[in-house]
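Peer 1: Sharing a structure here in structure tokens format.
The values are calculated or read from the model by the stated rules, or taken from the named source; none is laboratory data. Quick caveat, the model's predicted, so the values are computed rather than measured. When we count neighbours, we look across all protein chains shown, and the Cβ atoms used for this are built from the backbone with ideal geometry, even at glycine. With ligands, DNA and RNA removed, areas are computed over all heavy atoms of the protein, side chains included. Shrake-Rupley method; radii C 1.70, N 1.55, O 1.52, S 1.80 Å.
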Amino acid sequence: MKTLILTIAVILLIQLDVTAQTEFVLEPSQSMIMTGKGPGQDATINPYEGKDCFAIIENIGKREFSIRIQQQGKVIREIPILKGERKKVTLLKDYELYLDPNPKGIAKASVDYKKMEE
């Protein structure tokens, strides 16, 4: 009986797709690093740290904001995220993801990570 319960629990855990989602309020003067600097410095936990993955960023507030992808201090891409918009971006293993605020007021964002299919 214990073996059956353990087997079912393992199967259920294997079926779950690991994700980490966090919501953030961005003050007008506050740029936030989401992932890429390491434990203690990142605002989110990227379950795929050290691997290529997707970041899904959603604007859940009333103001536009932007995201910035960097690699070793060099800006790779800047992407505006409009009110109600959701964007899926590729994060290579050594990329850093930042949320940059709207200088006109508070913005809200949701960040999620998905595994890249191999």
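Peer 1: Farthest toward the dipole's positive end in the stretch 43-104, which of GLN70, ILE60, VAL89, given Cβ charges of +1 (Lys, Arg) and -1 (Asp, Glu) about the Cα centre?
Peer 2: With unit charges placed on the Cβ atoms, the residue in question is ILE60.
Peer 1: Net charge around ARG63, counting only other residues with Cβ within less than 11 Å of its Cβ (Lys, Arg = +1; Asp, Glu = -1)?
Peer 2: Within the 11 Å Cβ shell, the charges total +3.
Peer 1: Is the shape of the stretch 43-84 rounded, prolate or oblate, going by the alpha carbon gyration tensor and its root eigenvalues a ≥ b ≥ c, with a/c under 1.5 for rounded and a/b larger than b/c for prolate?
Peer 2: Oblate shape, in that a/c is at least 1.5 and b/c is the bigger or equal ratio.
Peer 1: Next up: Restricting things to alpha carbons, find the Rg to Rh ratio for the stretch 61-118 using the Kirkwood radius for Rh.
Peer 2: On the way: Rg = 12.3 Å, Rh = 12.5 Å.
Reported Rg/Rh (Cα atoms, Kirkwood Rh): 0.99.
Peer 1: Let me ask another. Please arrange GLU96, GLU85 by accessible surface area, largest first, computed with a 1.4 Å probe and ligands excluded. Walk me through the numbers before you get to the answer.
Peer 2: Numbers: GLU96 20, GLU85 50 Å².
Descending order: GLU85, GLU96.
Peer 1: Which order do peptides 73-82, 58-67 fall in by mean Cβ count within 10 Å, highest first?
Peer 2: On the way: 73-82: 12.1, 58-67: 18.1.
The most tightly packed comes first, giving 58-67, 73-82.
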